[in-house]
Amino acid sequence: DYFKIGACTTATKQLVDDVDTPAEQLIIKHFNSIVHDGAMKMQEILPKKDRINYDFTKGDYLMEFAQKNGIDDITGHCLIWEIASIAPYAHDSNGQWLSRDDALAFMKEYITKVMKHYEGDGSPSEYKAGINYSDWHIDVWDVVNEAWLDDGQPRRPGTYEQAPQGNLSGWTAVFGDNSFIPYAFEYARKYAPEG
């Protein structure tokens, strides 16, 4: 009643289907804030890596679980994940890096679509029947995640194949530096609900 205590989960469908498991009961009893480790990341929302076919299923399970159990403080994690495995989203259909303008257009569209979806303001075709989306709300968004390495250096341009340890970046490859970061925050601020 006095402050937020948060839980991070990796469960998705199980949260909705198996609320009598010890893990779900622990969350329901002791936590009033929740975040999912990966369900709202780009590679889950765009699993075909085509920048077209959005799939909100896993994140929707988290929202449904929170709504059903009175957890009204939800963190969206994350809009832009700055790792090399995101490189497929930064390529065109010929395998070439997107132009800066095309990358910005995609980033703006993606952030807008994701934020609207998790406020219940997306296209009706995005939602399942029988669930009330009208009171969905994300309290906090992680806008850009892991843009710098643990040693304080920015990620270098590249793909996951070039550095499986993950110290390269598709976004940096397109922009040449980390100048994409302010745009991500600008779009998130523009399309975030008031407050």
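The values are calculated or read from the model by the stated rules, or taken from the named source; none is laboratory data. Every value quoted in this text rests on a predicted model; they were computed, and no experiment measured them. Quick reminder, even Gly has a Cβ in these numbers, built from the backbone with ideal geometry, and neighbours come from all protein chains shown. Heavy atoms of the whole protein, side chains included, go into the accessibility calculation; ligands, DNA and RNA do not. Shrake-Rupley method; radii C 1.70, N 1.55, O 1.52, S 1.80 Å.
The table below lists the values:
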| quantity | calculated |
| --- | --- |
| Any hit, the range 63-80, residues being over 25 Å from Ile5 (Cβ atoms), β-branched (Val, Ile, Thr), modelled with pLDDT under 90 and out of contact with any Pro (no Cβ under 6 Å at 6 or more places or on another chain) | no |
| Given (1) open to solvent by less than 30 Å² (accessible area, probe 1.4 Å); (2) modelled with pLDDT under 90; (3) at positive phi, number of the condition Thr172 does not satisfy | (3) |
| Evaluation of Lys113 against (1) within 22 Å of Ile131 (Cβ to Cβ); (2) part of a helix (DSSP H, G or I); (3) in contact with a strand residue (DSSP E or B) (Cβ under 9 Å, 6 or more places away or on another chain); (4) modelled with pLDDT of 95 or more (one fails), failing number | (3) |
| Condition met for Ile131 (touching a Phe, Trp or Tyr at 6+ places or on another chain (Cβ under 6 Å), in contact (Cβ under 8 Å) with a residue 60 or more places away in the chain and of a type outside the set (Gly, Ala, Ser)) | no |
| Search result, residues across the range 122-158 that are modelled with pLDDT of 90 or more, surrounded by 15 or more Cβ atoms within 10 Å (Cβ to Cβ) and not aromatic (Phe, Trp, Tyr) | Gly122, Glu126, His137, Ile138, Asp142, Val143, Val144 |
| Selection count where residues are surrounded by 15 or more Cβ atoms within 10 Å (Cβ to Cβ) and either among the small types (Gly, Ala, Ser) or farther than 23 Å from Gln43 by Cβ (or both), scope the range 105-120 | 1 |
| Residue in the range 148-158 that is farther than 23 Å from Ala173 by Cα and in contact with a Pro (Cβ under 7 Å, 6 or more places away or on another chain) present | no |
